[in-house]
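The structure under discussion appears below in the form of structure tokens.
The values are calculated or read from the model by the stated rules, or taken from the named source; none is laboratory data. As the structure is a computational prediction, the values presented were derived from the model and not from experiment. Glycine gets a Cβ as well: all are built from the backbone with ideal geometry, and neighbour counts include every protein chain shown. Note: accessible area is taken over every heavy atom of the protein model, side chains too, but ligands, DNA and RNA are not part of it. Shrake-Rupley method; radii C 1.70, N 1.55, O 1.52, S 1.80 Å.
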Protein chains: 2
Amino acid sequence: MALEHAILVSLLEKPGSGYELARRFERSIGYFWTATHQQIYRVLKRMEGDGWVTVREIPQQGRPDKKEYSVPALGQAALSRWLHEPIEPESVRHDLAVKIRGAAFDDPAALIREVERHHQVHTDRLAHYLVGERRDFTGPEAPVTPDDVGRELQHVVLRGGIAYERMTLAWLDDVLATLHRLRAER
Amino acid sequence: MALEHAILVSLLEKPGSGYELARRFERSIGYFWTATHQQIYRVLKRMEGDGWVTVREIPQQGRPDKKEYSVPALGQAALSRWLHEPIEPESVRHDLAVKIRGAAFDDPAALIREVERHHQVHTDRLAHYLVGERRDFTGPEAPVTPDDVGRELQHVVLRGGIAYERMTLAWLDDVLATLHRLRAER
DNA sequence: CTTGTCTATGCAACAAGTTGCATAGAAAGA
DNA sequence: TCTTTCTATGCAACTTGTTGCATAGACAAG
């Protein structure tokens with residue numbers, strides 16, 4: 001499982017509670033790794049048992065106490081081990097592609113709205129990435145310190161997200177053009 | 001679950017056995033939807049129970065009998081229903097992105113080989129797609145018949161795969177350049 | 001004053017996906 | 001001849017991931 005490792009990375013970048021992790025998985029990290037809060041709480045429990053994370057209870061006034069997790073040496077070692085293992089290039093699960101091929105046995109034109117909806121979602125994601133990029137990665141390049149290494153690596157991952165959204169939008173345009181053409185020719 | 005629907009699409013395109021489906025899921029369909037043979041057999045059993053597919057036993061000499069599945073009206077109706085439901089834009093699981101961000105807490109240069117390996121895999125996939133495209137989708141465009149609709153839709157999905165691989169390769173080049181730069185600056 | 005949202009954690013049940021193993025004959029290669 | 005690969009199907013056990021629900025105080029909107 002790589003959820004454990006995604007959590008380790010996120011906690012190394014910044015310690016936080018399960019709840020905070022869940023929100024990060026809806027934003028930055030969630031764009032290339034998704035997880036629900038139930039999953040995160042369960043895995044955190046196991047990781048705590050394995051000594052990969054340590055907890056610090058933080059009492060709060062007016063809201064439930066939170067458990068702030070951070071990563072001790074044992075957890076960082078576990079991450080290192082994983083980093084040195086080869087992994088399989090990702091396997092995709094692309095519902096929309098299945099639908100498009102399936103539309104041959106139904107009405108292809110009926111898919112236009114669905115594709116437009118996806119187009120909108122990806123447009124929004126791209127805009128969101130670009131805002132984040134302008135906010136976090138502009139300005140003069142400072143000399144390389146350990147922190148800048150992390151910043152550079154976060155930036156290259158973000159550039160990947162941007163490239164992915166742009167490619168997807170161009171492809172969805174292609175899909176829409178194809179669906180419109182098929183409808184016109186029918 | 002969408003595996004059922006991916007199977008319906010594949011069987012509508014061409015009836016076949018569980019074994020044949022498993023192989024298709026390693027090739028064309030598998031590039032946007034993966035499944036192992038155990039999963040396929042199990043789901044086919046359930047779909048048979050639901051009347052979404054029908055079986056025809058085909059005795060063979062010299063090798064085990066095979067069960068050829070095809071899709072009756074009930075299955076096609078199930079597919080239609082799914083096609084008219086909205087779906088969530090896919091959630092990605094991109095191990096490599098997690099590794100890249102994680103490398104900030106280890107040695108980024110150690111990731112170079114892994115990234116190169118992924119680059120090679122995606123280069124091969126792209127080449128494979130391009131061969132398939134030349135084989136199946138070149139030549140003069142025939143007038144639009146129902147079969148051509150399917151062909152057009154398969155082509156636009158394949159173009160999506162090609163665009164994805166090209167984008168990924170460009171991004172991996174960016175990642176490699178970044179990792180080399182960080183190593184040089186260290 | 002009631003409804004809804006936010007913070008914060010968690011259990012239980014279920015669905016989906018993975019891994020390991022088993023069978024078994026045919027054909028091809030070492 | 002022996003081993004491997006291919007065709008063809010399947011069970012059992014396990015790991016992951018999803019869905020529904022529960023608790024509970026604070027705060028904001030209607």
Running a GNM on chain A with Cα contacts under 10 Å, which residue among A:R63, A:R24, A:R117 ends up with the highest mean-square fluctuation?
A:R63
What are the distances, in nm and sorted shortest first, from the label point of A:R81 to the label points of the same position in each other copy, with each label point placed 7 Å from Cα along the Cα-to-Cβ direction?
4.6
Output row for A:D136: copy-to-copy label distances, label 7 Å along Cα→C-beta, ascending, in nanometres, one decimal, is 3.9
Charge dipole of the protein assembly as shown about the Cα centre (unit charges at C-beta), most positive-ward option of A:F137, A:S80, B:M1:
B:M1
Amide H of A:K66 versus every other amide H placed in the peptide plane: which residues, excluding those fewer than 5 positions away on the same chain, fall under 5 Å?
A:I58, A:Q60
Distance in nm between pseudo-label sites at B:V131 and B:I87 (7 Å out along the Cβ direction from Cα)
2.8
Report which residues of the stretch B:91-110 become buried by 40 Å² or more of accessible surface when going from the isolated chain to the complete set of protein chains (1.4 Å probe; DNA, RNA and ligands ignored).
B:V92, B:R93, B:H94, B:D95, B:V98, B:K99, B:I100, B:R101, B:A104, B:F105, B:D106
With each label point set 7 Å from Cα along the Cα-Cβ vector, what nm distance links A:Q120 and A:K45?
3.9
For B:A177 and A:R186, what does the FRET efficiency come to when R0 = 41 Å and r is the distance between their Cβ atoms, rounded to the nearest 0.05?
0.30
So which of A:K67/B:K99; A:K99/B:K66; B:K14/B:K45; A:K45/A:K67; B:K45/B:K66 end up more than 20 Å apart by C-alpha?
A:K67/B:K99; A:K99/B:K66
Using only atoms on other chains, find how many Cβ atoms lie within 10 Å of each Cβ of peptide B:118-128 and report the average.
1
How many angstrom separate the Cα center of the stretch B:99-177 from the Cα center of the stretch B:15-31?
19
Compare B:E152, B:E165, B:E90 in a GNM of chain B, Cα atoms joined below 10 Å, and give the one with the largest fluctuation.
B:E90
Residues whose modelled amide H sits under 5 Å from the amide H of A:G16, counting only those 5 or more places away in sequence or on another chain, are A:Y69
Efficiency of FRET between A:R113 and A:D147 - r from beta-carbon atoms, R0 51 angstrom, step 0.05:
0.65
Highest-MSF residue in chain B out of B:R56, B:R101, B:R151 [GNM, Cα springs under 10 Å]:
B:R101
Return the calculated 222 nm mean residue ellipticity for chain B, to the nearest 500 deg cm²/dmol, obtained by summing -39500 (n - 2.57) across DSSP H runs with n ≥ 4 and dividing by the residue count.
-21000 deg cm²/dmol
